[in-house]
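Only the coordinates and a few stated rules stand behind these numbers; no lab work does. The structure presented is a predicted model; accordingly, all values stated were derived computationally and were not measured. Don't worry about glycine lacking a Cβ; one is built from the backbone with ideal geometry, like all the others, and counts go over all protein chains shown.
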Amino acid sequence: MVDIDALLLNRSAGITSGQLLVATRLRPRDKLRWLSHLREVAPPRNIRVPEARPLPGSRFFTTDHQAIALRFGLTSLAFLLVGFLLMLLMRWQLAWPGRPIPLIGGLFPDSLAPGGILLPEFYNALGAMHGSIMIFLGVVPLGAGAFGNFLVPRLIGADTMAFPRLTAWSYWIFLAAGFGFLVGFVVPGGPANSGWTSYPPLATLGTLGQDIWLIGILLLGLSSMLGAVNMIVTVVQLRRPGLGWMDLPFFVWAQLITALLLLLAFPPLQSAAVMQLMDRLADTSFFSPAGLIVAAQPLGGAGGGSPLLWQHLFWFLAHPEVYVLLLPALGIVSEILAAGTGRRLYGYRSIVGSTLFLGVMSLVVWAHHMFLTGMGPVMSAFFQATTLIISIPSVVILTCFFLTLKGGRLPMTTSMLFALGFLPMFGIGGLTGLPLGLAVGDIHLHDTYYVIGHFHYIVAPGVLIALFGGIYHWWPLVAGRPLNDRLGRIHFWGTLIGMNGIFLPMFAMGLAGVSRRLWDAGAGYEHAQSTIHFNSFMTYSAWLVAIAQVPFVWNLVMNRPRRSTATPWRVERTS
Amino acid sequence: MTNQPIPYANEPRPDTGLRNNRLGLWLVLASEIMLFAGLFSALAFLRIGSTDWPTSALEHGLPLINSFVVAASVLVILFAGRAVTRHEGEFRLLWSLGLGLGLLVLFIRSAEWSILLGIGRLPSTHNLFGIYFVLTGVHAVLLAGNLAVNGWILVTGASLARQDPARHRERVYGAIVPWLALVVVWFAIMIGFFV
């Protein structure tokens, strides 16, 4: 329970972090006091427009930001499940190469898995689609589309997003792109199988699924642009009058900077996607050098292009994309910590400044993914320097989060467990990135399992854990009641332990030099033998993660919103 | 729920001095700039990496004529933008003329493409042609979108101008600024390929 007197004493005028959610941890008699306080510091707005101009077709085409946010949330959770299931198939193959997949192996056509045994091409496709779905259709829309659209208007005292129709369009275009990705599984040749990075010339030679993937990327870029414009205008223009920039909850800052990154970083990938589509459909050679021989035949087109051009354009998006994944998670953790401890964030201004710096710097570090492409020492030194510099604001933010906890009384709720779980996981993910930011380390570790371990520690036990925490934290706002705490703890411990079981051994495998893209887990390589036995343990750990999601889904279903239930924490600011 | 309008849609917010739609418009343009930045950086990358860059093989006459038409269209559109606050009839005339010039730009572009394709300068024959077709194609798609918006304003503008002149002006503004951006992109294309 939170001490209401301490809470009111520590709050300055204006809307502050976790304003509504604090109420979830108050005694019933204190809840009214807290809500009254909020009414005082958040005076009534003179304009209320939850549903500006509904599109024809009533609720299905609603423009209400909360309804659309929930759709973003449910859809992205469904895509996360799909991406996770693809990973389970891969993990089976890696643990027991050549052994038929049990139960469902016979469902796959012989062109993908004859006798239930994955073909290498299908393994590649699973890898490409796992990454694409988890990043573009799972984590980003959950963090920005669901949490952002749901909470930002509430936290800034607005009643709606600035452009309600854009909110809806952003969702529907995202959904179309998602279905497009999935359609790849049923077209001849299967889905894209050139990795989530779609490096040419492999991607240029890929199946029809690659075309669908590229069209999906174009649509996702459009969806992101609409959502980002909406978010930025909402924060800049619809803040409650008098709510200064430094009064904004950090969550709002995180969403704002995420939107800026999406707005500026995605278009270059869209231009690259157009060019790769041209390479595939019109025989141009933007990414194909002259003299390429494929299957003993010269590749068509004039040649003269460069695969590095794709890499530059791709990573110009894809590195900021890491922060697009991360920043909403940092915002969520900040809210949980502030609400749980009942205190302001330690070093709020430092955190905001660091996040702004992080956003800007994320646009000038992309080529650290390309140290092995033969770039000159000057360029290499530049990108090594920017990469090391960008680690500083991350450390500042993490340190401030830890210092927020200092001396606080932590209610060990499920959401707090997830927030506390995020901190060391993100720390591991960040610290293991440092050797990859230096060319001398990256030369050895590039394209090994070490890289997989590093970025999965950021995204899976890092970002995903935080997003789960956010769901537990804000579920009362959705359904009018909290999720079950006991089930939540089972979910937390199963997920955290399982994820560490998957990703921790990857560092050892990577340090041994095992490549990330081996269909048989490196069975044919001498240097992989010392670590190959980790794969079965990692697969069992993946099953633990899968089992741990059952109580989560059950929890959501049992505590789903019901029409008759009023939302108890909602502050109705009526004039 | 009420049907009151969203704040600052048509009037500026006092502390930021911005209207929602204008800020949104500038953000969309920022995104568009990044899209073309990707394409122009590809042009630079390919050109620097190529030992043979036969710009003389491109059709020169029609793009030059198109440049004059584009320049004329921007003048007409700007005058139309000034007229919207003074005289609706003058605005409609100038706006129609701007729309016509925009269509002429697309027509000349298609004629130029037909000539290039007809003499075998396909996108696949050289990266110069490839990136030229991509850049001018993306430009044409965005121009066509802008023309569609301009046509919609022409059709629906008269009644809106009577009912809500401020909103009408905002719509016109919202169509002019992307037009100007596309004009800038067009001249950047000209410089990138012909200068």
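What nm value, rounded to one decimal, do you get for the distance between residue A:536 and residue A:443 when each label is placed 7 Å out toward the C-beta?
Simple spin-label model gives 3.8 nm for this pair.
Looking at chain B as a GNM with Cα springs under 10 Å, which of B:131, B:119, B:77 has the largest mean-square fluctuation?
Of B:131, B:119, B:77, the Gaussian network model singles out B:119 as fluctuating most.
How high is the relative contact order of region B:1-116? Use alpha-carbon pairs under 8 Å, at least six apart in sequence, and give a whole percent.
On the way: 61 pairs, mean separation 23.3, N = 116.
Relative contact order, region B:1-116: 20 percent.
What is the calculated FRET efficiency for residue B:29 to residue A:392, with r their C-beta to C-beta distance and R₀ = 30 Å, to the nearest 0.05?
With R0 = 30 Å, the Cβ-Cβ based efficiency is 0.40.
Taking every pair of alpha-carbon atoms in region A:328-389, give the share separated by more than 15 Å as a whole percent. All intermediate terms of the calculation are to be shown ahead of the outcome.
Numbers: 1176 of 1891 pairs.
Taking all Cα-Cα pairs of region A:328-389, the fraction more than 15 Å apart is 62 percent.
Taking H as built 1.01 Å from N, whose amide H comes closer than 5 Å to the amide H of residue A:294, not counting residues under 5 places away?
Sorted by chain and number, the residues that satisfy this are A:299.
For region A:162-284, how big is Rg over Rh, using alpha carbon atoms and the Kirkwood form of Rh?
Using only Cα positions, Rg/Rh for region A:162-284 is 1.11.
Just round it to a whole percent: the fraction of Cα-Cα distances in the protein assembly as shown exceeding 37 Å.
The answer is 45 percent, as a whole percent.
In whole Hz, what ³J(HN,Hα) sequence does region A:443-456 give by Karplus (6.51, -1.76, 1.60; θ = phi - 60°), x for Gly and Pro?
4, 7, 8, 4, 6, 9, 5, 4, 5, 4, x, 4, 6, 6
Mind giving me the nanometre distance, one decimal, between the label points for residue B:177 and residue A:356, set 7 Å out from Cα along Cα→Cβ?
Rounded to a tenth, the inter-label distance reads 2.2 nm.
Could you tell me the relative contact order of chain A? Use alpha-carbon pairs under 8 Å, at least six residues apart, and round to a whole percent.
Relative contact order here is 15 percent.
Have a look at A:314, A:390, A:140 and report the one farthest towards the positive end of the charge dipole of chain A, computed about the Cα centre with Cβ charges (Lys/Arg +1, Asp/Glu -1).
A:140
Would you grab the residues whose amide H sits under 5 Å from the one on residue A:195? Only those 5+ places off in sequence or on another chain, please, with H modelled 1.01 Å from N.
Here A:128 satisfy the definition.
With a ≥ b ≥ c the root eigenvalues of the C-alpha gyration tensor of region A:184-252, is it rounded (a/c under 1.5), prolate (a/b larger than b/c) or oblate?
On the way: a/c = 4.67, a/b = 3.57, b/c = 1.31.
Prolate, because a/c is 1.5 or more and a/b exceeds b/c.
When chain B is treated as a GNM, springs tying every alpha-carbon pair under 10 Å, which of B:83, B:71, B:42 comes out with the largest mean-square fluctuation?
Judging by the Gaussian network model, the answer is B:42.
Two-decimal Rg/Rh of region B:41-195 from alpha-carbon positions, Kirkwood Rh?
1.07
Got a sec? Charge dipole of chain A, +1 on Cβ for Lys and Arg, -1 for Asp and Glu; which of A:429, A:509, A:407 is way out at the positive end?
A:407
Quick query: amide H of residue A:306 versus all other amide H atoms, modeled in the peptide plane; which residues come in under 5 Å with a sequence gap of 5 or more or a different chain?
So residue A:306 has HN proximity to A:287, A:288.
May I ask you to derive the FRET efficiency for residue B:160 and residue B:110 from their Cβ-Cβ distance with R0 = 30 Å, giving the value to the nearest 0.05?
0.40
Can you check how the C-alpha radius of gyration of region B:15-114 compares to 2.2 N^0.38 Å, as a plain ratio? List each step's numbers first, then the result.
On the way: Rg = 18.6 Å, N = 100, 2.2 N^0.38 = 12.7 Å.
So the Cα radius of gyration is 1.47 times the expected 2.2 N^0.38 Å.
Among A:172, A:315, B:95, rank each residue by its count of other Cβ atoms within 10 Å, from fewest to most, as a rough exposure measure.
The fewest-first ordering by Cβ neighbours comes to A:172, A:315, B:95.
List, in order, the whole-Hz ³J(HN,Hα) value for each residue of region A:224-239 obtained from phi through the Karplus relation with A = 6.51, B = -1.76, C = 1.60 and θ = phi - 60°; use x for Gly and Pro.
Listing the rounded values in order: 4, 4, 5, x, 5, 4, 4, 5, 5, 5, 4, 5, 6, 9, 9, 4 Hz.
Give the relative contact order (percent, whole number) for chain B; include only Cα pairs under 8 Å separated by 6+ residues.
Over chain B, the number comes to 26 percent.
Would you list A:60, A:382, A:84 from fewest to most Cβ contacts within 10 Å?
Least crowded to most crowded, the residues run A:60, A:382, A:84.
Kindly write out, for region B:158-170 in residue order, the coupling ³J(HN,Hα) from the Karplus curve 6.51 cos²θ - 1.76 cosθ + 1.60 (θ = phi - 60°), rounded to whole Hz, with x marking Gly and Pro.
3J(HN,Hα) across region B:158-170, in whole Hz: 4, 6, 5, 4, 6, 7, 8, x, 4, 5, 4, 4, 5.
What is the average number of partner chain Cβ atoms found within 10 Å of a Cβ in A:223-234?
Values: counts 0, 1, 7, 3, 0, 4, 8, 3, 1, 4, 11, 3.
Whole-number average of other-chain Cβ neighbours for A:223-234 is 4.
Could you state the per residue volume, in Å³, of the convex hull enclosing the Cα atoms of region A:66-167? All intermediate terms of the calculation are to be shown ahead of the outcome.
Details: hull volume 11.4 nm³, N = 102.
Cα convex hull per residue, to the nearest whole number: 112 Å³.
Across bins of 10 angstrom width beginning at 0, how are the C-alpha pair distances of region A:239-315 distributed, in whole percent?
Distribution as computed: 17, 30, 18, 14, 12, 7, 2 percent.
Please compute the modelled spin-label separation between residue A:185 and residue B:86, points set 7 Å along Cα→Cβ, answer in nm with one decimal.
About 6.3 nm, to one decimal.
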